[in-house]
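Structure first, commentary second.
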Ligand SMILES: [Fe+2]
Ligand SMILES: [Fe+2]
């Protein structure tokens, strides 16, 4: 049997009101300028419409959304992102959401996470704290938050000490249950995956923890590009997958919207596959991309691409 998990990220939902007049938040002002000058021509509602149609057609068993649902963390963007996810028409038990750095631009962001995305960010027992744990099909989803408020021009993330402690316990507990553990973290944890000003604080500590306790897969966003990296685990390497921004469409050839479906082999997780889906600018819809093994024979990054504003 195959259990399918769609990994979508960096929706950066285009929202009608991008900036509130009188807002003295410098980071937001700069973000607004960046949106108006550049990003609004590249993160398109029509690509997200096509994504929704593709997800409805393929009907994956589970959907993971790994942060940067918004651009400036504005109230109306939270409203729009909640509506977009609701409109997928999928039961809240079949969706997990974590926040990204763009979602933490404004004060009160933690309350907004809970208010608008709380139904998709809680553990099986209803507890709303990170990491949350959701057992679904043959796997357990472990949702972290690396979203912190940062200074202008910084897109860094961090896992709090409390989260780190709980993560250690959770990895042990789920490991004893012998369920494949899939960690969601907006920022990439692998070494050198993001430039310093966009990276995860103390990512080495996380890698050391995973090298000791293990997990079976890490899913991330943030870089707006495809990653298929491997990090050290206690019993061999652990795959770390990043996906492109699901709303992206530029006039250039390289970048269009992307997401991926993990086809989990419920008998042997190491035989699971990744099915890539790409937005086709000419057809105006998401189409089938490459299907590759989750545990490749040669362990090296799948792609290397130029930097995009994450
Ligand atoms: Fe990000
Ligand atoms: Fe992003």
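The values are calculated or read from the model by the stated rules, or taken from the named source; none is laboratory data. Please read all numbers here as calculations on a predicted model, not as lab measurements. As a convention, Cβ positions derive from the backbone with ideal geometry for all residues, glycine included, and neighbour counts pool all protein chains shown.
Structure values in brief
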quantity: Scan of the range 6-29 for residues that are surrounded by fewer than 14 Cβ atoms within 10 Å (Cβ to Cβ) and modelled with pLDDT of 85 or more, ordered by number; calculated: 26
quantity: Residue that is nearest to ligand 2 (Cβ to nearest atom), among those in the range 50-74 that are assigned to a helix (DSSP H, G or I) and surrounded by 15 or more Cβ atoms within 10 Å (Cβ to Cβ); calculated: 51
quantity: Candidate set: the range 234-248, residues that are part of a strand (DSSP E or B) and more than 18 Å from the chain's Cα centre (by Cα); chosen: the one surrounded by the most Cβ atoms within 10 Å (Cβ to Cβ); calculated: 237
quantity: Number of the exception - residue 231 against (1) touching a residue at least 24 places away in the same chain (Cβ under 8 Å); (2) more than 16 Å from ligand 1 (Cβ to nearest atom); (3) not in a strand (DSSP E or B); calculated: (3)
quantity: Top-ranked residue of the range 75-97 - restricted to ones that are more than 16 Å from ligand 1 (Cβ to nearest atom) and outside any helix (DSSP H, G or I), ranked as surrounded by the most Cβ atoms within 10 Å (Cβ to Cβ); calculated: 96
quantity: Selection within the range 257-283 - surrounded by fewer than 16 Cβ atoms within 10 Å (Cβ to Cβ), out of contact with any strand residue (DSSP E or B) (no Cβ under 7 Å at 6 or more places or on another chain) and not in a loop (DSSP other than H, G, I, E, B); calculated: 270
quantity: Selection status of residue 134, at pLDDT 95 or above, closer than 24 Å to residue 181 by Cα, surrounded by fewer than 18 Cβ atoms within 10 Å (Cβ to Cβ) and under 18 Å from the mean Cα position of the chain (by Cα); calculated: no
